[in-house]
Amino acid sequence: NTITNSKICGSAYYQTVDAGSLSFLNNPSKPTCSDPLTPGAAYSTGTDPALQNMPISDSNINQWKDEAEASGVLSGDLTVNSNLSYGPKKIDGNIIMNSNNKVLTVEGAIYATGYLDISNGSSIRCSPSFGLNSCVVVVDKWAHFDNNGTFQGSGQPGSYIMILSNSGC
């Protein structure tokens with residue numbers, strides 16, 4: 001119900017909003033927002049909107065974690081310094097992709113107990129073997145995307161990758 005230091009592309013519901021966030025909402029800019037650049041609607045409400053069920057259940061998340069762990073555990077960080085096909089696997093650490101233009105190809109569910117940090121044109125994609133299906137990377141901490149880090153499905157229409165963070169931040 002409180003929006004602070006945020007860049008919102010679209011509408012926002014809130015009880016309290018800081019001046020900078022409201023200013024951006026009313027005058028969005030690139031590259032944060034895509035065309036057409038149109039102001040969002042600001043809805044100052046006295047009460048919070050009704051809670052909605054999450055579209056992904058804890059059971060779904062635990063299933064992906066179990067699938068990853070069943071194929072083994074990497075102790076320590078996965079640092080992608082060269083193109084790599086990986087998974088399913090649990091990583092007892094972080095996924096770090098800061099080298100220029102590297103590709104992590106997801107072969108099965110990947111679960112990291114740490115964070116995901118991707119930048120410098122690197123990408124995470126589903127293996128072409130997923131075909132029309134999609135793949136998942138689950139992290140317990142934050143996920144940070146910067147400087148042209150990208151995500152892709154298998155290359156087939158309707159295939160997507162989901163990056164899911166369990167972080168409360």
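The values are calculated or read from the model by the stated rules, or taken from the named source; none is laboratory data. Since we're looking at a predicted model, the values are computed, not measured. Every residue, glycine among them, receives a Cβ derived from its backbone with ideal geometry; neighbour counts consider all protein chains shown. Ligands, DNA and RNA are stripped out before the accessible areas are found, and what is left, the full protein with its side chains, is counted by its heavy atoms. Shrake-Rupley method; radii C 1.70, N 1.55, O 1.52, S 1.80 Å.
Data overview
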read-out	value
Qualifying residue in the range 66-88 (condition: of a type in the set (Asp, Glu), outside any helix (DSSP H, G or I) and closer than 15 Å to Val137 by Cα)	yes
Qualifying positions in the range 34-47 - open to solvent by 90 Å² or more (accessible area, probe 1.4 Å) and more than 26 Å from Met162 (Cβ to Cβ)	Pro36, Tyr43, Thr47
Every residue from the range 1-33 that is open to solvent by 80 Å² or more (accessible area, probe 1.4 Å), out of contact with any strand residue (DSSP E or B) (no Cβ under 9 Å at 6 or more places or on another chain) and within 16 Å of Ser44 (Cβ to Cβ)	Ala19
Near pairs, Cβ below 7 angstrom, 6+ apart or cross-chain, from the range 144-158 (at positive phi) to any residue that is open to solvent by 90 Å² or more (accessible area, probe 1.4 Å) and at pLDDT 90 or above	Gly158/Leu132
Top-ranked residue of the range 15-44 - restricted to ones that are polar (S, T, N, Q) and either touching a residue at least 12 places away in the same chain (Cβ under 8 Å) or in a strand (DSSP E or B) (or both), ranked as nearest to Thr4 (Cα to Cα)	Ser21
Residues of the range 145-165 satisfying the condition of being under 22 Å from Met54 (Cβ atoms), open to solvent by 40 Å² or more (accessible area, probe 1.4 Å) and in contact with a strand residue (DSSP E or B) (Cβ under 7 Å, 6 or more places away or on another chain)	Phe145, Phe151, Met162, Ile163, Ser165
Some residue of the range 106-122 being of a type in the set (Asp, Glu), farther than 20 Å from Asn147 by Cβ, open to solvent by 60 Å² or more (accessible area, probe 1.4 Å) and assigned to a strand (DSSP E or B)	no
Qualifying positions in the range 63-105 - open to solvent by less than 80 Å² (accessible area, probe 1.4 Å) and among the polar types (S, T, N, Q)	Ser71, Thr79, Ser82, Ser85, Asn94, Asn98, Ser99, Thr105
